1. Scan the stretch 112-141 and report the pairs whose first residue is within 19 Å of Gly167 (Cα to Cα) and without any contact (Cβ under 8 Å) to a residue 60 or more places away in the chain and whose second residue is surrounded by fewer than 22 Cβ atoms within 10 Å (Cβ to Cβ) and hydroxyl-bearing (Ser, Thr, Tyr), with Cβ atoms within less than 6 Å and a gap of 6+ or a chain change.
2. Looking at the stretch 289-305 only, could you name the residues that are in contact (Cβ under 8 Å) with a residue 24 or more places away in the chain and within 15 Å of Leu264 (Cβ to Cβ)?
3. May I ask you to list the residues in the stretch 129-169 that are under 15 Å from Pro116 (Cα atoms), in contact with a Leu (Cβ under 9 Å, 6 or more places away or on another chain) and among the charged types (D, E, K, R)?
4. Kindly evaluate Ala80 against the criterion of being aliphatic (A, V, I, L, M), touching a Pro at 6+ places or on another chain (Cβ under 9 Å) and either under 14 Å from Ala51 (Cα atoms) or touching a residue at least 60 places away in the same chain (Cβ under 8 Å) (or both).
5. If you check Ala76 against the conditions, is it crowded, with 18+ Cβ neighbours inside 10 Å and under 24 Å from the mean Cα position of the chain (by Cα)?
Amino acid sequence: MTLIGEPSETQPVPTSVKRRPDEAAWRQLRDLLERRAVSADVALSPMDSAALLLECGEIEATELGYNEAAQRFYQAALEADPSELTAYLSLRDAAVLTDDAALAVDLFERVGPFLPSLRPQADVCDAAELLSTFLLLFVFRWRDTVRAQHAADLLMTLSVSPALPAGERFEIRALLELLKPLFESPSAYRLALEARLRLTPDAETRTLLGVHILDTPAPGVSQNDEADHARELKRDHAREQELDRARELLEEVADQVPLAAFVLVERAAMEGRYAALAVGLERLARLYPPEIAASIVYLAAELHEWFLGDENRAAQLRLQARSGT
């Protein structure tokens, strides 16, 4: 049986295909696969229908460049076979790319019921990857502690599956151990960053932790009596130590990470520390292209002249700004 629109050896090639061979041919193939997937005349299992719809989605995403259309095919694949993990992974990628928390939550809540029935090693590994991503997203991007805990519980259950390779089992348990403080403390994000810094002392972690400390407000305290006043002084001292640590973390990476340099500049401006502000602006300028750096350097020159009384340094910086070096 020949399906409607299915190409055959005797069927002439449409002129549109001759004019735009790649795109038109891919569209024709996509339409053919879609018709087969949904046709009542072809007896396909839900798994086979989902596989064809996934192919349509891949054509849209990789060959035609239409990501929204690809998502519709991935969703259709899930409607055909709600346990199709490849569709979950593709839609997860779309949720991450577009920062779509609602889509991620929908996927997370739909996949849970199918996890106990997973058997093939490939499915178990795909599910572990999916849950690990959801866990990290709910912890670090969307701050959804309840769903993060649920993802951790599902991941722990999955980690004992005999179908999961030993290496992946170890990685899952290490991830859960690292993120464990996130479910036990109101300052969970801070604790996770501290743990991450111990394990991976990279520039990104230093930046995130430094910014987090600076952004965390100091705890308030009433001033009803001398005891309260003493506690307030103690907290002020502790807070100053915290701020000093945040600045140190950011200083360590400010020559590499524009965000760290910018936050130090912002903080120095807020606190009226003009020498630190001028130095920070000079450092920030080195991280930007010449056309942007010139304006930043000129601002540093103004600070040196009008707030720090260093006319020589101001002149040097203005010359630097004009020459673009």
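1. Within 6 Å, the pairs are Val124/Ser161.
2. Once the filter is applied, which keeps residues that are in contact (Cβ under 8 Å) with a residue 24 or more places away in the chain and within 15 Å of Leu264 (Cβ to Cβ), the stretch 289-305 yields only Leu303.
3. None; the set is empty.
4. yes
5. Values: crowded, with 18+ Cβ neighbours inside 10 Å: yes; under 24 Å from the mean Cα position of the chain (by Cα): no.
So Ala76 fails the test.
Quick note: the coordinates plus some simple rules give every number you see, no bench work behind them. Owing to the predicted nature of the structure, the values given are computational and were not obtained by experimental measurement. Every residue, glycine among them, receives a Cβ derived from its backbone with ideal geometry; neighbour counts consider all protein chains shown.
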